[in-house]
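Just below is one structure, and these are the notes that go with it.
The values are calculated or read from the model by the stated rules, or taken from the named source; none is laboratory data. The structure displayed is predicted, hence computed values, not measured ones. Here the Cβ positions follow ideal geometry from the backbone for every residue, glycine too, while neighbour counts run over all protein chains shown.
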Amino acid sequence: MENQHYETVIIGAGMAGLAAGIRLALAGREVIILERHNASGGLNSFYSQEGRKFDVGLHAMTNYVPKGTKGTPLTKLLRQLRIPYDALDLCPQNGSRIHFPGCQLRFNNDFAFFESEVAHAFPREIDGFRALAEEVRTLDAFNLGAIPSSARQAVQRHISDPLLEDMLFCPVMYYGSAQEHDMDYGQFAIMFRSLFFEGFARPLDGVRVIIKLLQDKYRSLGGVRKMKCGIRRIHTKDGKATALELDSGATITADKIISTAGAVETARLCTDQPEDAAAENIGQLSFTETITVLDRQPAEFGWEDTIIFFNTAERFRYARVEDALVDPTSGVICFPNNYQYGEGRQLDEGFLRVTAMANHDQWCALSEEDYLEQKAYWYDALQKVTLGLLPEARLDLDTHRIASDMFTPRTVRKYTGHLNGAIYGAPHKIKDGRTHLDNLYLAGTDQGFLGIVGAMLSGISMANLHVLQG
């Protein structure tokens, strides 16, 4: 690959990178995707262990709408990539809930049901909730030039009960906020719509269905993808990127570069930037997740929810974990079995996934022996929290567990390259995708469209804006 030249180089074969690649290849552009690891998908990938496939990232694909629904992000995405709806094999959720002390709100893919739950639990707040929902529905959240504003302040204009406020923020933040305590109102609106107005779905075989679909489409269009091909430096001159130096020492050149590596991470690759560039914009939020394989379906234990967003503390706290490896007071419980897969279709084994916030620095400082010991400790601790929120709380999981695994912020850092293992990247998003270099653009997590559909739309939008229209 020495001294090869491409019209566009895309850094990263995650959802945004693959979607950008397809969009450019559809337009007949000469494009190459470079990926440091040996698997595509980025934050939303999968791995094998003893013959089992474990999803990483995908609890649910948000933004779900039934086939034929017009004018939604999913519909737009499929049209732009020329992918048929049925190829995604999307199966809607059974139903999910937000579980706080003394209060629960159930929701499914019908917003009217969620509205009725809020009306029942918070009768004094329902008018304000409806006003908020209408404001969110009509907000121009995809305006690339919008000035960031506080979602907390926007919600408090309509909602006065702090419990309802926290219950609305918990799922929205866990599924897409890189910011502690608050988030940009435009981002809140995008997430609120994708979770509550639209909804959750999943292919029976998980995230690899989506990855394979994107890879196959890109390959069929003649797009080039190089795996185990990381970027060591982006060489610059006179305000432009002039060459990409690879980990192998080879260099390639490009007219334009789209990076999905993250805003800070991309800046620090550039030879005209200091090693500590953009330090104020490094994400602080990382997560750990346990995965348990069971010898029967969750529904057989009375566990029929698809996803549970939980908080056990007096107030919901969404912030960097300071004094422990894990904060077990809030998180997400997911049962991948509990989707409407259709007659005769179901995962062969039961799965239980539990996600909680974790401290990247502390996990990475552990010796290998301590790391394994702490993984075992926190695995058990998170299962205890989970059983306390579910029916059959006295169930002995050990007797039904076939296998288990756990990933930590150390794992996230290794496989995404995100500083601090920050799953959602930098708190300040760059909506127009522009960097300090004229021909280097951002897509994906730090451009600011969230979720799997959002990531793909980000890749498409940046490819359209900066390469096809630029």
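Cβ-Cβ contacts under 8 Å between residues 6 or more apart (or on different chains), taken from a first residue in the range 165-184 that is more than 14 Å from Phe107 (Cβ to Cβ) to a second residue that is of a type in the set (D, E, K, R) and crowded, with 22+ Cβ neighbours inside 10 Å, are listed as Ala178/Lys429; Asp184/Lys429. If you check Ala112, Ala189 for being in a helix (DSSP H, G or I) and closer than 30 Å to Val321 by Cα, only one passes: Ala189.
Let's see how each residue does on (1) in contact (Cβ under 8 Å) with a residue 60 or more places away in the chain; (2) closer than 20 Å to Leu163 by Cβ:
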{"residue": "Trp303", "(1), (2)": "yes, no"}
{"residue": "Ile308", "(1), (2)": "yes, yes"}
{"residue": "Thr312", "(1), (2)": "yes, yes"}
{"residue": "Phe316", "(1), (2)": "yes, yes"}
{"residue": "Val326", "(1), (2)": "no, no"}
{"residue": "Gly331", "(1), (2)": "yes, yes"}
{"residue": "Asn338", "(1), (2)": "yes, no"}
{"residue": "Tyr341", "(1), (2)": "yes, no"}
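Looking at Arg345, is it of a type in the set (Lys, Arg), touching a residue at least 60 places away in the same chain (Cβ under 8 Å), touching a Leu at 6+ places or on another chain (Cβ under 7 Å) and within 21 Å of Tyr174 (Cβ to Cβ)? The answer is no for Arg345. Please work out if Thr329 is within 29 Å of Gly51 (Cβ to Cβ) and among the hydroxyl-bearing types (Ser, Thr, Tyr). So Thr329 does not fit the description; no. The lone criterion from (1) surrounded by fewer than 16 Cβ atoms within 10 Å (Cβ to Cβ); (2) aliphatic (A, V, I, L, M); (3) over 30 Å from Thr386 (Cα atoms) left unmet by Ala299 is number (3).
Among residues that are loosely packed, with under 15 Cβ neighbours inside 10 Å, outside the structural domain of Asn338 (by TED's automatic domain parsing) and within 29 Å of Ser48 (Cα to Cα), Arg232 is included. For the range 59-75, indicate whether the set of residues that are outside the structural domain of Val385 (by TED's automatic domain parsing), among the small types (Gly, Ala, Ser) and within 19 Å of the chain's Cα centre (by Cα) is non-empty. Yes. Can you find a residue that is part of a loop (DSSP other than H, G, I, E, B) and under 23 Å from Leu163 (Cα atoms) anywhere in the range 75-96? Yes, the range 75-96 contains at least one residue that is part of a loop (DSSP other than H, G, I, E, B) and under 23 Å from Leu163 (Cα atoms). Given the structure, is Thr290 within 24 Å of Asp398 (Cβ to Cβ), touching an Asp or Glu at 6+ places or on another chain (Cβ under 9 Å) and in contact (Cβ under 8 Å) with a residue 12 or more places away in the chain? It is true that Thr290 is within 24 Å of Asp398 (Cβ to Cβ), touching an Asp or Glu at 6+ places or on another chain (Cβ under 9 Å) and in contact (Cβ under 8 Å) with a residue 12 or more places away in the chain. Of all residues in the range 368-409, those being in a loop (DSSP other than H, G, I, E, B) and touching a helix residue (DSSP H, G or I) at 6+ places or on another chain (Cβ under 9 Å) number 8. Give the range 192-208 a look and list any residue that's under 17 Å from the mean Cα position of the chain (by Cα) and either modelled with pLDDT of 95 or more or polar (S, T, N, Q) (or both), or say none. Phe192, Arg193, Ser194, Leu195, Phe196, Glu198, Gly199, Phe200, Ala201, Arg202, Pro203, listed by residue number. Would you check which residues across the range 410-428 are surrounded by 24 or more Cβ atoms within 10 Å (Cβ to Cβ) and out of contact with any helix residue (DSSP H, G or I) (no Cβ under 6 Å at 6 or more places or on another chain) and list them? Result: Thr416, His418, Ala422, Tyr424, Gly425.
Quick grid of which residues meet (1) assigned to a strand (DSSP E or B); (2) among the acidic types (Asp, Glu); (3) modelled with pLDDT under 95:
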{"position": "Pro274", "(1), (2), (3)": "no, no, no"}
{"position": "Ala277", "(1), (2), (3)": "no, no, no"}
{"position": "Val293", "(1), (2), (3)": "yes, no, no"}
{"position": "Asp305", "(1), (2), (3)": "no, yes, no"}
{"position": "Ile308", "(1), (2), (3)": "yes, no, no"}
{"position": "Phe316", "(1), (2), (3)": "no, no, no"}
{"position": "Asp327", "(1), (2), (3)": "yes, yes, no"}
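Of the residues making up the range 235-252, just one is surrounded by 15 or more Cβ atoms within 10 Å (Cβ to Cβ) and among the acidic types (Asp, Glu), namely Glu245.
Being free of Cβ contacts under 8 Å to residues at least 60 places away in the same chain, in contact with a Leu (Cβ under 7 Å, 6 or more places away or on another chain) and of a type in the set (Gly, Ala, Ser) is true for just one of Ala121, Ala131, Ala154. Which residue is that? Spell out the reasoning first.
On the way: Ala131 fails: in contact with a Leu (Cβ under 7 Å, 6 or more places away or on another chain); Ala154 fails: in contact with a Leu (Cβ under 7 Å, 6 or more places away or on another chain).
Every option except Ala121 fails the conditions.
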